[in-house]
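Below is one structure, written out as structure tokens; comments come after it.
The values are calculated or read from the model by the stated rules, or taken from the named source; none is laboratory data. Bear in mind the structure is a predicted one, so any value in this text is a computation, not a measurement. With ideal geometry, Cβ positions are generated from the backbone for all residues, glycine too; neighbour counts draw on all protein chains shown. We work out accessible area using only protein heavy atoms, side chains counted, and drop any ligands, DNA or RNA first. Shrake-Rupley method; radii C 1.70, N 1.55, O 1.52, S 1.80 Å.
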Amino acid sequence: MTREKDDEKQMSAVLRTINILETLSKCESSNLENLAKETELPKATLLRFLSSLSNLGYVWRDDADRYHLTLKMFSVGSRSLKYMDLISTARPFAQELCKSLGETVHMGILQDDSAVYVLKEESSYTLRMYSRVGKMIPLYCTAIGKIFLSQMDDAELDSYLERNPLKPFTVKSIRTKDALKEELERIRHRGYSVDDEEHEAQVMCIACPIKDHTEKTVAAISVSWPVFRFNSDDFDLTVKKIKTAANRISEILGSNEF
């Protein structure tokens, strides 16, 4: 019961915060009295939220005691624009790849010490991989994640491993730093990564990097199979198809590497 009350309290705080920000976004500025009327919040409560938002840099109060949104809101929102462009660019190639191979296609981006799915094209089979856009996945035991790790230098990788011990998800998960470094070197050499039941038993994935005009890896695209449906005889052709999709997206983003 206590946890439920805590959850309700947190949700209420989130809704009030969004209410304040959206109200301020509709005008150049507002004083406390008008803002309290618009948001239907008690002044004392409103002041607490405005103080927190000011400390976080989202709101500022001028000398006339009027409250304004700062450009931090714009900055946060604008960060998603590049991913919107990336998603719209990648979608037709992901759809084509999904249709060609008949399996689930994901595109992921790096977010802190994890990767997050930002695009998914569903397998045509009844038995499918469970996943969703927005799902966070670890780096060291997933095909998409290992693509990002392979771009790190030794210092960055060591720092990552200090924060993220190599906890095994399955019996096939990489367990040691040396083994991971060897795997990342193979990925750099061949240009693709494989998750051979390392994150989920009976599921394998192959991923390739997507690069922008600076030749920086900004995303990775992968295909996932239940192991019983994967035909190892077609491995080279399958990798070629995934690489082709990744390269075509990269070319549109301005990469000249291919």
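Each peptide among 45-58, 145-158, 225-238 gets the average number of other Cβ atoms lying within 10 Å of its residues, and from highest to lowest they stand as 145-158, 45-58, 225-238. What's the whole-number percent of alpha carbon pairs in segment 112-258 lying beyond 28 angstrom? For segment 112-258, the share of Cα pairs beyond 28 Å comes to 16 percent. Along its principal axes, the chain has C-alpha extents of 71, 46, 43 angstrom, given from the largest down. With a threshold of 19 Å on the Cα-Cα distance, the over-threshold entries among 99/240; 43/72; 99/120; 181/241; 135/172 are 43/72; 181/241; 135/172.
Choose one of 90, 174, 46: the residue whose Cα lies farthest towards the positive end of the charge dipole of the chain (beta-carbon charges +1 Lys, Arg; -1 Asp, Glu; about the Cα centre). Toward the positive end, the furthest listed residue is 46.
Considering only protein heavy atoms, what per residue accessible area in square angstrom results for the chain with a 1.4 angstrom probe?
Numbers: 14870 Å² over 258 residues.
Roughly 58 Å² per residue, with all protein chains present.
Taking 7 Å steps out from each Cα toward its Cβ at residue 236 and residue 32 produces label points 7.5 nm apart.
Over the chain, what is the relative contact order in whole percent, taking alpha-carbon pairs under 8 Å and six or more residues apart?
About 14 percent, as a whole number.
If you add up the charges near residue 55, with Lys and Arg at +1 and Asp and Glu at -1, over every other residue whose beta carbon is less than 15 angstrom from its beta carbon, what do you get? That sum, taken over residues with Cβ under 15 Å, equals +3.
At 222 nm, what value in deg cm²/dmol follows for the chain if DSSP H runs of at least 4 each add -39500 (n - 2.57) and the sum is divided by all its residues, to the nearest 500?
Working: 8 runs with 125 residues, N = 258.
-16000 deg cm²/dmol, from helical runs alone.
Taking only protein heavy atoms and a 1.4 Å probe, the accessible area of the chain is 51% carbon and sulfur. Largest GNM mean-square fluctuation among 185, 103, 121, using the chain with Cα springs under 10 Å: 185.
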